[in-house]
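Reviewing the structure listed below.
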Amino acid sequence: MLASFIIEADDYDFETPSKYMDLSTKIESKEFLVDINVLGLRNLESFGLMPIKKPFIKFGIKSLLPPLKAQAVTNVKTDPNAAGPNPNINTLITFSVQLPVEELYCPKLSCEVYDYVFRGLSQPLIGTFAIPTGKIKAEKEKKHNELLDRCEIIIERLQNHLELSKEEMLAAGKEAMKGELSEEAREYLDKKMRQVTA
């Protein structure tokens with residue numbers, strides 16, 4: 001839980017009105033496109049006498065947003081199709097969301113797993129879990145920056161070998177791009193290569 005608090009005298013006469021202490025206006029945020037490839041669930045256990053029928057996951061997208069913005073958003077869930085305690089769901093969920101840039105302020109995506117029993121008349125909660133969006137975002141950004149740094153090193157090496165023909169340099173650059181570069185890093189390296197060989 002991220003909390004903002006102050007210690008004040010008993011008269012509650014705050015020097016700064018509470019409306020000016022709203023963190024949401026001071027935290028830098030950015031629009032992110034989120035893709036979740038839901039492969040399935042494993043080793044689910046029923047809390048009742050009935051075995052697991054058709055489990056599904058409900059993604060609490062509202063948990064990523066402040067209360068006022070969350071009112072206009074609907075949570076997303078997978079379809080209860082596959083049966084049993086180890087269902088293969090194989091669903092892609094895509095949505096865009098405004099998230100804080102700094103990892104500390106980035107909320108977790110809360111998720112709940114339900115069972116679909118008696119044609120949906122009963123939907124008992126089986127379990128809950130959370131996806132650490134801030135940590136995942138920070139790791140992706142770190143990896144992306146490392147790849148861009150690698151691109152710079154590759155370009156410097158190519159510039160040091162300018163005796164190569166343009167075709168040979170482009171071929172060497174394309175060979176370097178076969179690694180685990182992101183699409184953005186590939187475009188960046190390709191652009192730099194064209195500048196070097198121009």
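The values are calculated or read from the model by the stated rules, or taken from the named source; none is laboratory data. This structure is a prediction, so every number in the text was calculated from the model and none was measured. Backbone-built Cβ (ideal geometry, glycine too); neighbour counts: all protein chains shown.
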In this structure, is Glu112 among the acidic types (Asp, Glu) and modelled with pLDDT of 90 or more?
yes
Identify all residues within region 70-105 that are touching a Gly at 6+ places or on another chain (Cβ under 6 Å) and at pLDDT 90 or above; write none if there are none.
Asn75, Pro87, Asn88, Ile89
Can you pull out every residue in region 127-174 that is among the aliphatic types (A, V, I, L, M), modelled with pLDDT under 75 and under 30 Å from the mean Cα position of the chain (by Cα)?
Ile154
